[in-house]
1. Provide Arg22, Arg34 in ascending order of the number of other Cβ atoms located within 10 Å of each residue's Cβ, fewest first.
2. Quick one: helix 279-291 against the long Cα principal axis of the chain, what's the angle to the nearest 10°, folded into 0 to 90?
3. Which number do you get for Rg(Cα) / (2.2 N^0.38 Å) in segment 1-138?
4. Full-extension gain between Glu149 and Glu124, please, as 0.36 nm times their residue separation minus the C-alpha to C-alpha distance.
5. PRE reach from Glu63 (point 7 Å along Cα→Cβ): which of segment 1-45 fall under 16 Å by backbone N?
6. Using the alpha-carbon atoms, what tilt in degrees (0 to 90, nearest 10) does helix 56-67 show relative to the longest principal axis of the chain?
7. Stokes-Einstein diffusion coefficient for segment 230-309 at 37 °C in a medium of 0.692 mPa s, Rh from the Kirkwood formula over Cα pairs: what value in µm²/s?
8. Counting only other residues whose beta carbon sits under 14 Å from that of Ser42, what net charge do I get with K and R as +1, D and E as -1?
Amino acid sequence: MACGTSWHAALIGKHLIESFCRIPVEVEYASEFRYRDPVIDSNDVVIAISQSGETADTLAAVELAKSRGAFIYGICNAIGSSIPRATHTGSYIHVGPEIGVASTKAFTGQVTVLTMLALTLAKEKKTMDEGQYLAIVKELGHIPDKMKEVLKLNDRIAELSKIFTYAHNFIYLGRGYSYPVALEGALKLKEISYIHAEGYPAAEMKHGPIALIEKGTTVIGTITDPALVDKSVSNLKEVITRGAKVLVVTNRDVRASDIDTLIRVPETHPLLAPAVSILPYQLLSYYIAKQNGLDVDKPRNLAKSVTVE
Ligand code: M6R
């Protein structure tokens, strides 16, 4: 359980733990969990994720789960903060102090630690064969270089951001583990640029949100799962035919002539892709906010640690 960006990392953690370890995982907003009567007991493990380790809702949810007998594992950044002290055990993500209000390196750090946790559990539970385990561990070691490759796109994304400076609405789409990336991309944009943005699972568009699409609506798609390339492209075609301007971040050979902008990121193991595919969105939000003369470190109405309800 978690809030905000940490909650998005938790959604990726669910994919990782379910896929690698075959253990069912529920992802909870801490603020919702704490005010209902959750079915939780001493057979449950709660993973509480928080950059600051001080988020009031997450701390209260930890206390509630603990009082019901659950075992609590914290994944935090701020050393010695309240949540790590309230948990039974855990891991620090060790990404160093995060100063800007928008969570960036904390997100990639949380996803990395969740990957390591899922791999360790899978090894213990023998739900993954040795070869597969070693291949993913090795690939995880390549992720920093792949992230550096994406950072080389900095100038291109800065240039691209100029096109979007006056956009009013963004829809971020993704399927599978690209869905949390869509949510996180949208959150980054809204919190530092004050532009309305929403993230949706791409196939949900036809159940309502597609009504929002009109000529010029900006749609951002993430496509990194080889099993979902065709499905995702067909979801994007549905918005393209209704006039959307589409930007796609992908590490696959996506062929759709009507996509306005394609940002190619390095290929990796599908479940490791979010740490790479989120970076263009962090940069895009940063540059759009800067173009609009906004303070990217201290966006209005927000605090770095939400220590009140
Ligand atoms: O410190 P935490 O990770 O517990 O904070 C949770 C949210 O308040 C935080 O992720 C928030 O959503 C960020 N400003 C997003 O960038």
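The numbers here are math on the coordinates, done by the rules we state, and not lab data. Owing to the predicted nature of the structure, the values given are computational and were not obtained by experimental measurement. Don't worry about glycine lacking a Cβ; one is built from the backbone with ideal geometry, like all the others, and counts go over all protein chains shown.
1. Arg22, Arg34
2. The answer is roughly 60 degrees.
3. Here the Cα radius of gyration is 1.02 times the empirical estimate.
4. Roughly 5.7 nm would be gained on extension.
5. Counting backbone N atoms under 16 Å from the label point, the list is 30-36.
6. Long axis of 56-67 versus the principal axis of the chain: about 40 degrees.
7. Estimated diffusion coefficient is 214 µm²/s.
8. 0
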